[in-house]
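The values are calculated or read from the model by the stated rules, or taken from the named source; none is laboratory data. None of these values were measured; they are calculated from a predicted model. Note that we place each Cβ from the backbone using ideal geometry, even for glycine, and neighbour counts take in every protein chain shown. SASA here: full protein model, heavy atoms, side chains in, ligands and nucleic acids out. Shrake-Rupley method; radii C 1.70, N 1.55, O 1.52, S 1.80 Å.
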Amino acid sequence: MVDIVALGEPLIQFNSFTPGPLRFVNYFEKHIAGSELNFCIAVIRNHLTCGIIARVGNDEFGRNIIEYSRAQGIDTTHIKIDDSFTGIYFIQRGYPIPMKSELIYYRKGSAGSKLSPEDVDESYIKSSKLVHSTGITLAISDSAKDAVIKAFELARSRSFDTNIRPKLWSAEKAKETILGILRKYDIEVLITDPDDTKILLGITDPDEAYRKYKELGVNVLLYKLGARGAVAYHDGTKAFKEAYKVPVEDPTGAGDAMAGTFVSLYLQGKSIEYSLEHGIVASTLVITVRGDNEMTPTPEDADRFLNEFKT
Ligand code: ADP
Ligand code: CKP
Ligand code: MG
């Protein structure tokens, strides 16, 4: 039994040791990542329990993912070993846009994409407080999408990060599928941003987005604004927090650290202001290094950060 169950594809990340076009990069640094795995680690750092329903390959990378996840405290009992390979990706940093990263996937047909409804254990879901997934899992295969639908059907409560990846599906398909999910299930916490909302609703304004998402059954909205910060809405309350100015090594994973931190603190009864403030701290720390989840802080460490930076 865990507090939160996430469904998604853990991946091996090869992060460029130096910025620039990949053809000139000679060294890559390996990390364990994947949006839902990053989210799980944030949940655990914030003192809730979390498990991931996923598949990895019967290979060294699959074993690496399981061992790393276990070491971080993730419940790995629902990670299946599949005969396909473990998905990987490379990160190109700082080119052609400084402080931004590009993800280059080698994941089509991977073990992770074989995730299927048969992997979703009814009692595991029913005994949890909340189920989390993202647009990435909806995009990687029909069977993975059906696994999310089965889990959402059985869930007591749900959080969802739209995370639309144009390399994985078309804007039209993303819109149809994600709106289908939002119409069908009440979402306790929706995590999204102006780019995804433009695709889904044709708008970007945060207040307008909250009104529309609320009509679709979203209770709390976490709306990320990149280098500008983020805004959260709940019950007519709005909280805005500015981002911190820090050197950006690799922004990949910032959203997941923020989402996992926000959702787990909110679930523990913290206000949206407090949850957002801590979410921003987590994302700020993550962007200062390569790797998506190593820097995600506990609330105690986030408080040390806040104490140092208080104005
Ligand atoms: P995602 O990683 O899901 O694309 P964002 O890029 O919006 O999400 O980042 C999430 C959070 O990370 C932001 O709300 C902000 O707090 C922080 N962040 C992202 N980029 C920067 C940046 N360039 N400078 C400072 N903070 C940033
Ligand atoms: O939106 P974020 O930058 O927080 O997400 C990063 C993750 O799962 C990263 O770990 C990568 O593996 C992915 O998103 C993805 O599939 O794009
Ligand atoms: Mg994201």
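Just one of the numbered conditions (1) among the β-branched types (Val, Ile, Thr); (2) under 14 Å from Arg158 (Cα atoms); (3) out of contact with any Lys or Arg (no Cβ under 6 Å at 6 or more places or on another chain) is not true of Ile187: (3). Note on segment 114-133: among residues that are outside any helix (DSSP H, G or I) and open to solvent by 30 Å² or more (accessible area, probe 1.4 Å), the one that is farthest from Asp3 (Cα to Cα) is Asp121. Counted as qualifying within segment 202-311 are the strands (runs of 3 or more DSSP E) with 2 or more residues that are aliphatic (A, V, I, L, M) and crowded, with 18+ Cβ neighbours inside 10 Å, namely 218-224, 229-234. Pairing residues of segment 52-66 that are within 9 Å of Ala111 (Cβ to Cβ) with residues that are open to solvent by 10 Å² or more (accessible area, probe 1.4 Å) and hydroxyl-bearing (Ser, Thr, Tyr), at Cβ distances under 7 Å and at least 6 apart in sequence or on separate chains, gives Gly57/Ser84. Scan segment 259-291 for residues that are within 16 Å of ligand 3 (Cβ to nearest atom), aliphatic (A, V, I, L, M) and in contact (Cβ under 8 Å) with a residue 40 or more places away in the chain and the total you get is 6.
Scanning segment 200-244 for residues that are modelled with pLDDT under 95 and either within 18 Å of the chain's Cα centre (by Cα) or within 13 Å of ligand 1 (Cβ to nearest atom) (or both) turns up nothing. Considering segment 6-74, the qualifying strands (runs of 3 or more DSSP E), each wholly inside and each with 2 or more residues that are more than 15 Å from the chain's Cα centre (by Cα), more than 16 Å from ligand 1 (Cβ to nearest atom) and of a type in the set (D, E, K, R), run over 28-33. Any idea which of (1) assigned to a helix (DSSP H, G or I); (2) hydrophobic (A, V, I, L, M, F, W, C); (3) open to solvent by 40 Å² or more (accessible area, probe 1.4 Å) is the one Ile97 doesn't satisfy? Looking at each condition in turn, Ile97 falls short on (1). Just one of (1) closer than 25 Å to Thr49 by Cα; (2) without any contact (Cβ under 8 Å) to a residue 40 or more places away in the chain; (3) open to solvent by 80 Å² or more (accessible area, probe 1.4 Å) fails for Ile149. It is (3). Counting the residues of segment 167-196 that are touching a helix residue (DSSP H, G or I) at 6+ places or on another chain (Cβ under 7 Å) and under 20 Å from Gly279 (Cα atoms) gives 3. Would you check if Ile136 is part of a helix (DSSP H, G or I), buried (at least 19 other Cβ atoms within 10 Å of the Cβ) and touching a Ser or Thr at 6+ places or on another chain (Cβ under 8 Å)? Spelling it out, Ile136 is indeed part of a helix (DSSP H, G or I), buried (at least 19 other Cβ atoms within 10 Å of the Cβ) and touching a Ser or Thr at 6+ places or on another chain (Cβ under 8 Å).
Could you go through segment 36-43 and let me know if any residue there is out of contact with any Pro (no Cβ under 7 Å at 6 or more places or on another chain) and open to solvent by 10 Å² or more (accessible area, probe 1.4 Å). No, segment 36-43 contains no residue that is out of contact with any Pro (no Cβ under 7 Å at 6 or more places or on another chain) and open to solvent by 10 Å² or more (accessible area, probe 1.4 Å).
Would you say Ser84 is free of Cβ contacts under 8 Å to residues at least 60 places away in the same chain and within 30 Å of Pro299 (Cα to Cα)? No.
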